[in-house]
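Undergrad: Mind looking over this structure? Questions follow.
The values are calculated or read from the model by the stated rules, or taken from the named source; none is laboratory data. Small disclaimer: the values here were computed from a predicted structure and weren't measured. Here the Cβ is made from the backbone with ideal geometry for all residues, glycine too, and neighbour counts use every protein chain on show. To get the accessible areas, we keep the full protein, side chains included, count just its heavy atoms, and leave off ligands, DNA and RNA. Shrake-Rupley method; radii C 1.70, N 1.55, O 1.52, S 1.80 Å.
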Amino acid sequence: MAIVTVDFDGTLYQGNSFKAMFQIGKERFTTKQWATVAAGLVKASAGGLLKGKNKFRHDFFRAFAKTFKGKTTEELDLFFQELVNFGKAEVHQNLVLKIREHQDKGDTVIVLSGALQPFLKAFIKDLQLDVHVLSTELLFNREGLCTGEIGQIVNGDIKVKKLQEWMLQQHISVNSTKEIWAYADSASDIPLLHYVSNPILVNPKEDMVKIAEQNQWSIFAS
C-alpha cells in the first residue's frame, strides 16, 4: 500500500481560489464583511512586500475567515458549495483519474493543502472521491459557531509535519509503507517533494520545471 498526497491549488484545482472567493463574496458579503476583508488585504499587502507571496496568502486567509465569525456549520456549507459550483470547471480531471487509479491499486490518497478544510471537503464530496483531507481548519466554539479564526496553515514544512502526524495516528511508519507519493506544483511544496519517495510536479511553471530537472522529479502534464 502506498500513500499518495495531492495538493489542491494549482494541482487538483487548476483555477484561482482567490478569484472564486472574491466572486462569491461579491454576491453574499455585507458591507461590514467587505470592510473586514479590506482591512486584512491591506495588512496582507504590506506583509507580502516584506515577506513574499506566502505571507500575503496567509494574511488573506485569516482576513477572509473573520467574515465567518458566528456562522453555523450549515451556513458555511452553503457558502463553500457556492465556491465549488463556481470553480468545478477548473478541476484537473486527468489528475482525478490518476487518483482513482491509485485507489484501484489499494493506495491511500490524502488531499494535503493549505486551503480551508470546509472548501476542500465540499470539493471532494462533489467529485465523489473517498480520500482523506489534511488542510487548514476553521475553528469553532462550544456552541458550534465559527470563531472567525483558523488553525495552523498547512503549507511548506507544515505539510511534512501534518503527514507525519497522520501516519503516526494511523500507526504507519515510514519503513512500513513501500512508497509515499506527492502530486504538487509550487515552490512551497518543495519540502514535501523532497520528503516523499515519488515526487511529481503537476503542470509546473518554468521555474519549477528547472527544479524538477535538477532533482530528477517526474512531471505530470496535460
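Undergrad: Suppose the filter is out of contact with any helix residue (DSSP H, G or I) (no Cβ under 9 Å at 6 or more places or on another chain), over 20 Å from residue 77 (Cα atoms) and crowded, with 18+ Cβ neighbours inside 10 Å; does residue 210 pass it? Explain how you work it out, then say what you get.
TA: Details: out of contact with any helix residue (DSSP H, G or I) (no Cβ under 9 Å at 6 or more places or on another chain): yes; over 20 Å from residue 77 (Cα atoms): yes; crowded, with 18+ Cβ neighbours inside 10 Å: no.
No: the conditions fail for residue 210.
Undergrad: Next question, about the same structure. (1) open to solvent by 30 Å² or more (accessible area, probe 1.4 Å); (2) in a helix (DSSP H, G or I); (3) not polar (S, T, N, Q): which one isn't true of residue 142, the others all being true?
TA: (2)
Undergrad: Can you confirm whether residue 98 is of a type in the set (Lys, Arg), surrounded by fewer than 17 Cβ atoms within 10 Å (Cβ to Cβ) and either assigned to a helix (DSSP H, G or I) or at pLDDT below 70 (or both)?
TA: Numbers: of a type in the set (Lys, Arg): yes; surrounded by fewer than 17 Cβ atoms within 10 Å (Cβ to Cβ): no; either assigned to a helix (DSSP H, G or I) or at pLDDT below 70 (or both): yes.
Against the criterion (of a type in the set (Lys, Arg), surrounded by fewer than 17 Cβ atoms within 10 Å (Cβ to Cβ) and either assigned to a helix (DSSP H, G or I) or at pLDDT below 70 (or both)), residue 98 does not qualify.
Undergrad: Let me ask something else about it. Take the residues of the range 41-85 that are outside any helix (DSSP H, G or I) and surrounded by 13 or more Cβ atoms within 10 Å (Cβ to Cβ): which is modelled with the lowest pLDDT? Please lay out each step first, then the result.
TA: Taking the range 41-85 and keeping what is outside any helix (DSSP H, G or I), we get 52, 67-72.
Keeping just the survivors that are surrounded by 13 or more Cβ atoms within 10 Å (Cβ to Cβ) gives 67-69, 71-72.
Details: 67: 87, 68: 90, 69: 90, 71: 92, 72: 94.
Per the criteria, the residue is 67.
Undergrad: Moving to a separate point now. State yes or no: is residue 199 of a type outside the set (A, V, I, L, M), out of contact with any strand residue (DSSP E or B) (no Cβ under 7 Å at 6 or more places or on another chain) and at pLDDT 95 or above?
TA: Numbers: of a type outside the set (A, V, I, L, M): yes; out of contact with any strand residue (DSSP E or B) (no Cβ under 7 Å at 6 or more places or on another chain): no; at pLDDT 95 or above: yes.
Spelling it out, it is not the case that residue 199 is of a type outside the set (A, V, I, L, M), out of contact with any strand residue (DSSP E or B) (no Cβ under 7 Å at 6 or more places or on another chain) and at pLDDT 95 or above.
Undergrad: Looking for whichever is in a strand (DSSP E or B), of a type outside the set (Phe, Trp, Tyr) and either on the phi < 0 side of the Ramachandran plot or crowded, with 21+ Cβ neighbours inside 10 Å (or both) here; the options are 120, 134, 129. Which one fits?
TA: Of the residues listed, the single one that is in a strand (DSSP E or B), of a type outside the set (Phe, Trp, Tyr) and either on the phi < 0 side of the Ramachandran plot or crowded, with 21+ Cβ neighbours inside 10 Å (or both) is 134.
Undergrad: So, one more: Can you tell me which residue in the range 171-189 is farthest from residue 132 (Cα to Cα), limited to those that are open to solvent by 40 Å² or more (accessible area, probe 1.4 Å) and under 21 Å from the mean Cα position of the chain (by Cα)?
TA: First pass over the range 171-189, keeping only residues open to solvent by 40 Å² or more (accessible area, probe 1.4 Å): 171, 173-176, 178-179, 181, 187.
Next cut, under 21 Å from the mean Cα position of the chain (by Cα) only: 181, 187.
Details: 181: 14, 187: 23 Å.
Among those that are open to solvent by 40 Å² or more (accessible area, probe 1.4 Å) and under 21 Å from the mean Cα position of the chain (by Cα), it is 187.
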